[in-house]
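Data first, discussion second: the structure below is written as structure tokens.
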């Protein structure tokens, strides 16, 4: 089958990738579309990451084969694939906190692929840059008639941004929310906050992002200046949109994190969801925290897949959540490097790969 392998030096498009058969409780999925995320790009720059590996973690497709013991799925079912795979039996799962299960984020290494006689690792329990993947049946969610390029994004960009506002941020009616970073995560944080009844300020370094921010519901927009110190940015945010009850930080820059803590009101909440560079550090006065501010962060925005993914699929199907507008361009799988370059340059909200062309 066709797939993309990262060997530690370059992305290699190959037709010689193989995947094992599904085992107990597993399903093989034929991938039709895959989103491209900054998390995939970051994995290409982390020293010591396991390679070779198939990247990608936003997948939608159809069930191709059902493993032993699996019920509820049949060949041909349209599905999206979530990244979380909580074991259900460890201390964290039993405490009702499956997001902290050591298995859920792929900390337990898996090598389901083979290429040129060598084992190839999976990424984020999905590896959507492959034509076929083997995943747990519990990772699948029925998407019905939702187009696959939209369904694919629910597993990360949509759920992470939406839940960053609505789950971690606890945004409610009448809140005033600032979202820093208007990318694939940020536009969904904006949408989530708006659906919860909030007003939203969007912040981004690229002034061209204002159009996208407002199209997804932002009420105001502030351009962050390159090299601007955190205190100055926080002051401008407060002047434009005070008081700020919740800040959802979606870019991961240390200065943006610092500005978030400075800009939010006393008693407010800061949600850190942006992907940071390895070893990045932020500095802020502890006086701000002692005066009363919450800082929260959990992968996938604190989403509980069994609760949140079906709801997001429903909202998209009913037209209440705009996913189609996030898909700036669709590339053939073989042009993955062009898609990544477009994402890195900020030219797209979300890049999607088509496995059928």
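The values are calculated or read from the model by the stated rules, or taken from the named source; none is laboratory data. Since we're looking at a predicted model, the values are computed, not measured. Glycine also receives a Cβ, built like all others from the backbone with ideal geometry; neighbour counts cover every protein chain displayed.
Some points to look at:
- Some residue of the stretch 38-54 being touching a helix residue (DSSP H, G or I) at 6+ places or on another chain (Cβ under 7 Å), more than 20 Å from residue 273 (Cα to Cα) and not in a loop (DSSP other than H, G, I, E, B): no
- Taken together, 162, 141 contain a single residue that is at pLDDT 95 or above and over 14 Å from the mean Cα position of the chain (by Cα), which is 141.
- Scanning the stretch 89-107 for residues that are in a loop (DSSP other than H, G, I, E, B), at negative phi and surrounded by 12 or more Cβ atoms within 10 Å (Cβ to Cβ) yields 90, 97, 101, 102, 103, 104, 105.
- Of the candidates 22, 86, the single residue that is out of contact with any strand residue (DSSP E or B) (no Cβ under 8 Å at 6 or more places or on another chain) and either surrounded by fewer than 18 Cβ atoms within 10 Å (Cβ to Cβ) or part of a loop (DSSP other than H, G, I, E, B) (or both) is 86.
- Selection count, the stretch 1-19, where residues are without any contact (Cβ under 8 Å) to a residue 40 or more places away in the chain and assigned to a strand (DSSP E or B): 1
- Top-ranked residue of the stretch 324-336 - restricted to ones that are touching a strand residue (DSSP E or B) at 6+ places or on another chain (Cβ under 6 Å) and part of a helix (DSSP H, G or I), ranked as surrounded by the most Cβ atoms within 10 Å (Cβ to Cβ): 326
- Any hit, the stretch 179-198, residues being more than 24 Å from residue 37 (Cα to Cα), in contact with a strand residue (DSSP E or B) (Cβ under 6 Å, 6 or more places away or on another chain) and touching a residue at least 40 places away in the same chain (Cβ under 8 Å): yes
This table checks each residue for (1) touching a helix residue (DSSP H, G or I) at 6+ places or on another chain (Cβ under 8 Å); (2) outside the structural domain of residue 269 (by TED's automatic domain parsing); (3) under 23 Å from residue 131 (Cβ atoms).
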residue: 290; (1), (2), (3): no, no, no
residue: 293; (1), (2), (3): yes, no, no
residue: 304; (1), (2), (3): yes, yes, no
residue: 308; (1), (2), (3): yes, yes, no
residue: 315; (1), (2), (3): yes, yes, no
residue: 329; (1), (2), (3): yes, yes, yes
residue: 335; (1), (2), (3): no, yes, yes
residue: 338; (1), (2), (3): no, yes, yes
residue: 341; (1), (2), (3): no, yes, yes
